[in-house]
Amino acid sequence: MKKAWAYLTGLGQGILAARKWLFAYVLLILLPVSIMLGSFYQRSNDILEKEVTRTMQLTLKQAGMNLSYKLNHIRDSSNSVFMNQILYDNLLQKDKITDQLGQIKELRNLAETAQENQDIFRLRFFADASRIYGGDRINLYPLADMDQYPWYEAVKEAGGGIVWTGVYPEIYNDYGEKNIFSAARLLRNPQDYEEIVGILVMDISETMVQEIVSELHFSDKYAPFLLDGGGKLIYGTDGPDQGAVPNTKAEAGSGQTVNHLPEELLNEISHTEEGIVKRIIGRDHVNVVYTTIGTTGWKLVAQVSESEISHRATAQGQFTSIATLAGITVMFLVLVFVLLMFMIQGMQRRVQMILRMIRKEGIGWLEDRRSMPDGDFRLLERSVDHLIHKVNTLMEESYQAKIQEREAQLRTLQAQINPHFLYNALDMINWSAISHDAEDTSEMIEALAQYFRLSLNKGRDNVSIADELELARVFLEIQQNRFPSTFTFSIQAEPGLSAYIIPKLTLQPLVENALLHGIRKTKNKQGTIEISARLENGDVVLTVADDGIGMEPEQANRLLLEPAAGQHADGLDGSFGLYNVNERIRYFAGNRYGLSIDTQPGKGTAVRVTVKATLAE
């Protein structure tokens, strides 16, 4: 009996030892994990601060790209007027007053055409005062008036290049006072380059810059502003420690120095395209974020204090961090209580088993009892360690996913801007072709530009049926220039179809197949393509038919069931083949819609597209 009591006493001491071991577990595992989580929270906050700063830089860069795009458009308009022969024909003539009235009309028409660009407020010509039209002060001004502008010398030194001014107030006879900035350039006699015949000035409203800059809400203390390449203030809104918009022509022309930026900081900004530099204003640590406007070399600058950045980062990551800390803490507490519960229940079962065996077998059973297996705590420690690593991995993956998402958004914005460069480049080539009387080249460029606009569709996946038919027409006209006198085409569409939409680039692959694999493979390489569009039982039916070589019906069915492999860009490739168009139609409208092909060898091919009639939003 004494042995039994000794054994029970040892068991009680084991329970006390287990409690001490549990306390040691909490002290050695839970406390270090809490410290690790605190360190992880601080590191995450630092990463979030860097990400907030980087996001601000990307936002500022995007604003700079938007402003650069508008300024590029204005520059292109200035180049178009600058190269217009009508301008020089009127500036170089000194005719009678009655003839000069006609010249006034032509110059005003030229100015009104340029002013159709919403960003251009007024187009002004400064000409010699000896001409009567040099002084109506609406679009035509005496050349002597240029002496009041401090940037006139810069315009003369530029020799025909564009000089961008800062924001300044201008008084118009027909409008009153308005804050503007200008793109000015010298006009020279094409026959005598040394002779100055006038000044071309495009006035742009201050609101164009204001609309872009006002969207930059980085700081409640510091307002964004624009500098020229020499560190002179071009535009800025009122705010603490911020220069205001110049209020006189002389002040704007001479360039107001932004004296709250140190000289070495201005030098660093002027020699780099973009970046983030730090400065100290009193006790405030400030990040200066800047980017370059490519057209003019201006610098778009924004300042934000580190305390504001920290506040934003905390606001972004506070909920996630608190939820993570709370979740992990609760998990560990639950784990401890569950472990304690199992330990106590296991000990209770063992005590009850011993008491039952003592009553049943007697004290002698204690001598040959079997020890219970151990190692549960070591398994728990390994599980907790694995869980911590898993949580860290998930947090890191979540962070990387956010970074990739922001990079994808930036690439999307840039992709939306790149087509504008293509359109402007084609427009300039078109103007060049027109100036050289190359009408065929001009028509081809216009058709190509229209094709790109319709096919890109501003990034949208669906287009109106009218636009899709127009895209097919432009494509066929381009192909007629490529293969002259080889095929004809017709497009028939029922009225009212323009209100419905279909996936873009539905007809173009079918038209291309009809031309390249139908008509171009006949012996005489000639034929006709007919395109029709109509409503039929609540569905839109589009048909592309040709009188080419045709094909076996089995081959046509295979093209709809599987992508054509091993073919090149002039055939049914994996991107724009019949299979691809059929799958996109089914994805857009449902499985009962799609393509059907009616064809026989030597009898041509008719591809029928059936799609659900869907109205545009």
Could you please tell me which pairs satisfy a Cβ distance under 6 Å, a separation of 6+ or placement on different chains, a first residue in region 211-236 that is under 15 Å from Val304 (Cα atoms), and a second residue that is acidic (Asp, Glu)?
Ser219/Glu308
For residues that are of a type in the set (Gly, Ala, Ser) and either in contact with a helix residue (DSSP H, G or I) (Cβ under 8 Å, 6 or more places away or on another chain) or in a helix (DSSP H, G or I) (or both), scanning just region 101-137, find the one that is modelled with the lowest pLDDT.
Gly134
Take Glu153 and tell me if it is surrounded by fewer than 19 Cβ atoms within 10 Å (Cβ to Cβ) and either in contact with a strand residue (DSSP E or B) (Cβ under 9 Å, 6 or more places away or on another chain) or at pLDDT 90 or above (or both).
yes
Given the condition buried (at least 19 other Cβ atoms within 10 Å of the Cβ), more than 40 Å from the chain's Cα centre (by Cα), modelled with pLDDT of 90 or more and among the aliphatic types (A, V, I, L, M), answer yes or no: does some residue in region 532-549 qualify?
yes
Taking region 494-526 as the search range and keeping residues that are hydroxyl-bearing (Ser, Thr, Tyr) and touching a residue at least 60 places away in the same chain (Cβ under 8 Å), which one is surrounded by the most Cβ atoms within 10 Å (Cβ to Cβ)?
Thr506
Residue among Ser44, Ser68 that is out of contact with any Leu (no Cβ under 9 Å at 6 or more places or on another chain), within 30 Å of Val301 (Cα to Cα) and modelled with pLDDT under 70:
Ser44
Within region 157-195, residues being over 20 Å from Thr295 (Cβ atoms), touching a residue at least 40 places away in the same chain (Cβ under 8 Å) and either surrounded by 14 or more Cβ atoms within 10 Å (Cβ to Cβ) or within 31 Å of the chain's Cα centre (by Cα) (or both) number 7
For region 576-594, state whether one or more residues are surrounded by 14 or more Cβ atoms within 10 Å (Cβ to Cβ), at pLDDT 85 or above and assigned to a strand (DSSP E or B).
yes
Looking at Ala556 and the list (1) over 37 Å from the mean Cα position of the chain (by Cα); (2) at pLDDT 90 or above, which single condition is not satisfied?
(2)
(1) touching a helix residue (DSSP H, G or I) at 6+ places or on another chain (Cβ under 9 Å); (2) farther than 20 Å from Tyr235 by Cα; (3) among the aromatic types (Phe, Trp, Tyr): which one isn't true of Tyr172, the others all being true?
(1)
Could you list, in sequence order, the residues of region 139-185 that are over 15 Å from Leu200 (Cβ atoms), outside any strand (DSSP E or B) and of a type in the set (Val, Ile, Thr)?
Val167
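The values are calculated or read from the model by the stated rules, or taken from the named source; none is laboratory data. Keep in mind that this is a model prediction, so the values were computed, not measured. Virtual Cβ from ideal backbone geometry, glycine too; neighbours counted across all protein chains shown.
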